[in-house]
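Scroll down for the structure; my scribbles are underneath it.
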Amino acid sequence: QVQLVESGGGLVQAGGSLRLSCAASGSISSIMAWFRQAPGKQRDLVARITAGGFANYADSVKGRFTISRDNTKNSVYLQMNSLKPEDTAVYFCNALPPLLSWGQGTQVTVSS
């Protein structure tokens with residue numbers, strides 16, 4: 001079973017940037033994705049990327065976030081720019097559909 005470890009979160013002011021990383025213990029799936037879950041809310045899809053690098057984004061992050069992957073390192077990344085307080089959440093990576101075991105996630109907190 002592939003294990004996922006997310007990192008790179010932290011506390012940042014509105015307008016700032018963070019780069020999240022997701023390291024998998026084995027080969028990553030054809031389609032990988034980042035999700036986020038704010039307190040009291042459901043886990044939502046933020047961005048996804050195919051093995052060939054084609055990406056899609058939720059409307060709320062389009063133009064601000066960039067997903068990328070390095071298949072040689074079994075890793076997926078999320079560059080987050082122009083962060084807003086509403087981006088505050090725990091961020092997770094997984095395959096799409098999310099059939100891998102969830103990691104612990106990484107907390108992103110954006111202060112106003």
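The values are calculated or read from the model by the stated rules, or taken from the named source; none is laboratory data. Being a predicted model, the structure only gives us computed values, none of them experimental. Every residue, glycine as well, gets a Cβ built from its backbone with ideal geometry; the counts of neighbours run over all protein chains shown. The protein model used for the area step is the full one, side chains on, heavy atoms only, and it has no ligands, DNA or RNA in it. Shrake-Rupley method; radii C 1.70, N 1.55, O 1.52, S 1.80 Å.
One line per residue, one yes/no per condition, for (1) closer than 15 Å to TRP102 by Cα; (2) open to solvent by 30 Å² or more (accessible area, probe 1.4 Å); (3) touching a residue at least 40 places away in the same chain (Cβ under 8 Å):
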residue: LEU4; (1), (2), (3): yes, no, yes
residue: GLY10; (1), (2), (3): no, no, yes
residue: SER25; (1), (2), (3): yes, yes, yes
residue: GLY40; (1), (2), (3): no, yes, no
residue: VAL46; (1), (2), (3): no, no, yes
residue: TYR57; (1), (2), (3): no, yes, no
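Residues in the stretch 87-112 that are open to solvent by 40 Å² or more (accessible area, probe 1.4 Å) and in a loop (DSSP other than H, G, I, E, B) were compared, and the one that is farthest from GLY52 (Cα to Cα) is SER112.
Selection of the stretch 55-70 for residues being in contact with a Lys or Arg (Cβ under 9 Å, 6 or more places away or on another chain) and more than 15 Å from ASN81 (Cα to Cα) yields ALA55, ASN56. Report yes if ALA33 is aliphatic (A, V, I, L, M) and touching a residue at least 40 places away in the same chain (Cβ under 8 Å), otherwise no. The answer is yes for ALA33.
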